[in-house]
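Chemist: Below: one structure in structure tokens.
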Amino acid sequence: MSTHIAQTELRLRDVLLWSWYSAAPMGAKGTVLVVDDEPGLREMLSILFRREGYTVTTAPGLATARDALQNTPKPYGVVLADLMMPDGSGLDVVTVAKEVSPDTEVIVMTAHSTVETAIDAMKRGAYDFVTKPFATAELRALVGKAFEKRALVEENARLRAQVDRHQPKDLLGRSPAMQRILELVQRVASGRSTVLITGESGTGKERIARFLHEASERKDKPFRVVNCGAIPEALVESELFGHEKGAFTGAATRKLGFFREAEGGTVLLDEIGELPLSMQVKLLRVLQERKVRGVGETEESSVDVRVVAATNRNVEEDVKAGKFRQDLYYRLNVIRLEVPPLRDRREDVPELARYFLERCGREHDKTVRALSPDALRALDGYPFPGNVRELENIIERAVALASGPVIGLGDLPHEVSGLVARTTPALLDLPDEGCDLDVVLGEVERRLILQALEREGGVRTTAAKTLNITLRSLRYRMQKLRMPTGDGDPESCDPPSGEG
């Protein structure tokens, strides 16, 4: 028996002896397939994970493992596969397992770990690899994490299906301008050409990149977002392409990098205009050769990723100014998607506002059903310098502050509500569909009180005189509308004489 098998048996001996005296709970946590040509190791791993609550099946080689994977009534949760076996490789087990069930997680066991082996295993879809001899605690923890990942994937799929049934999928807008962009995304999704998404900050460039990924054949592979402007210049190469252990001070472990981690999927290089010129040369080579070499590595390795770049800068001007390489710009600008600002597609504002209202209502566990006519009118007239992101933040703030089922003008920030603060009430005529009189009158009252307080610098005494009411009446009205007064419990106030 080999040395690493003997060492592993010694580490597992206590588990083996202890297990003879206790009944093992069967299958409570999931199913595990152990593939190894060493009978002793198969038996010990079987005992170990049965004791942990898993249902365990063993296979002595690739052929038996293939039969087990293809003929099981329910896919295995985790597969432990030895790298070197007489009739095949553990990498072949990874391939078969992923073909049968993409959600099955495979851990490769090997006595000789190399960077090339790790990269090959990750490319084929392996969850991780472990070096023999291994500690039982390490292996138990790794298997547990693999099952946690599988559970999260299943839960995300369930939630995504539930969301798809009840509401639009990540609403981006219904305006003609946005529909043209989404149609173009669907037309180019099946290719591998690089895509450059431009537009002001907050217009939804990352959401469009995700839509491109999800509409492509790469949707089941990773989607990695890299904020080029947020990574220190000295670490950009390591973050993108990885590094070898000990390649530089602080490199305590090997790192694959975003490109290798996204193997088979999509990498979004957000804020590409912030990428240092020194890194632009290396990125250009990666795009041309489809190969990467991490810091401290001696050889390049192939990668299969689709690159999407996004920026809010004027890249053409940066090229003219020498801040961005022209050859890299041409390589990125194969397909161009220009996202218009929200002020140029105002027909999207009401629908986006209602979408965020419903979502934020669920997140805050509040029953907020609609926006008042005045609130919608204010949003429609606001220029939104922060675009869709600003609209989302405005609605989230309004939901958090709302005291009733309708978002009113007073729930919006002053820079938004102030646009209609000096106009006459919107509902002077009864709409065809009718209205809620209490809501409308309450909104008018709230708006006028806010205007009076703002004009008088927050002094309630003079604000009451401006409204030709007493201070006590003002306090009561504010409490009735659940506006903050600083006077303690609003429920303890009685209406003033002659009012109620």
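Chemist: For region 370-388: of the residues being of a type in the set (A, V, I, L, M, F, W, C) and outside any helix (DSSP H, G or I), which is surrounded by the fewest Cβ atoms within 10 Å (Cβ to Cβ)?
Modeler: The qualifying residue surrounded by the fewest Cβ atoms within 10 Å (Cβ to Cβ) is Ala370.
Chemist: If you go through region 300-313 one residue at a time, do you hit one that is in a helix (DSSP H, G or I), charged (D, E, K, R), assigned by TED's automatic domain parsing to the domain that holds Glu217 and surrounded by fewer than 16 Cβ atoms within 10 Å (Cβ to Cβ)?
Modeler: Of the residues in region 300-313, the ones in a helix (DSSP H, G or I) are none.
No.
Chemist: Same structure again: For region 352-369, which residues satisfy the criterion of being part of a helix (DSSP H, G or I) and over 22 Å from Glu443 (Cα atoms)?
Modeler: Within region 352-369, Leu352, Tyr355, Arg359, Arg362, Glu363 meet the criteria.
Chemist: For region 64-120, how many residues are in a strand (DSSP E or B) and among the hydrophobic types (A, V, I, L, M, F, W, C)? Spell out the reasoning first.
Modeler: Just the residues of region 64-120 that are in a strand (DSSP E or B), to begin with: 78-82, 84-85, 88-89, 105-110.
With among the hydrophobic types (A, V, I, L, M, F, W, C) added as a condition, the list becomes 78-81, 84-85, 106-109.
Qualifying residue count for the region: 10.
Chemist: How about region 202-280: which helices (runs of 4 or more DSSP H) wholly inside it have at least 1 residues that are touching a residue at least 60 places away in the same chain (Cβ under 8 Å)?
Modeler: Result: 205-214, 258-261.
Chemist: Report, by residue number, each residue of region 220-253 that is surrounded by fewer than 14 Cβ atoms within 10 Å (Cβ to Cβ) and of a type in the set (Lys, Arg).
Modeler: Hit for region 220-253 is Lys245, nothing else.
Chemist: If I filter region 43-54 for residues that are surrounded by 18 or more Cβ atoms within 10 Å (Cβ to Cβ), over 15 Å from Arg140 (Cβ atoms) and at pLDDT 90 or above, do I get at least one hit?
Modeler: no
A quick yes/no check of all residues on (1) at pLDDT below 90; (2) small (Gly, Ala, Ser); (3) surrounded by fewer than 17 Cβ atoms within 10 Å (Cβ to Cβ):
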| site | (1), (2), (3) |
| --- | --- |
| Gln70 | no, no, yes |
| Ala81 | no, yes, no |
| Gly90 | yes, yes, no |
| Val94 | no, no, no |
| Glu116 | yes, no, yes |
| Val143 | no, no, no |
| Asn156 | yes, no, yes |
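Chemist: Which members of region 131-141 meet the condition of being in contact with a strand residue (DSSP E or B) (Cβ under 9 Å, 6 or more places away or on another chain) and modelled with pLDDT of 85 or more?
Modeler: Restricting attention to region 131-141, the residues satisfying the condition of being in contact with a strand residue (DSSP E or B) (Cβ under 9 Å, 6 or more places away or on another chain) are 131-132, 134, 138-139.
Answer for region 131-141, where residues must be in contact with a strand residue (DSSP E or B) (Cβ under 9 Å, 6 or more places away or on another chain) and modelled with pLDDT of 85 or more: Glu138, Leu139.
Chemist: I'm told Asp411 meets every condition in (1) modelled with pLDDT of 80 or more; (2) surrounded by fewer than 15 Cβ atoms within 10 Å (Cβ to Cβ) except one. Can you identify the failing condition by its number?
Modeler: With respect to (1) modelled with pLDDT of 80 or more; (2) surrounded by fewer than 15 Cβ atoms within 10 Å (Cβ to Cβ), Asp411 is out only on (2).
The values are calculated or read from the model by the stated rules, or taken from the named source; none is laboratory data. Predicted model, so just to flag it, every value in this text is computed and none were measured. Counting neighbours? That spans all protein chains shown, and the Cβs are built from the backbone with ideal geometry, glycine included.
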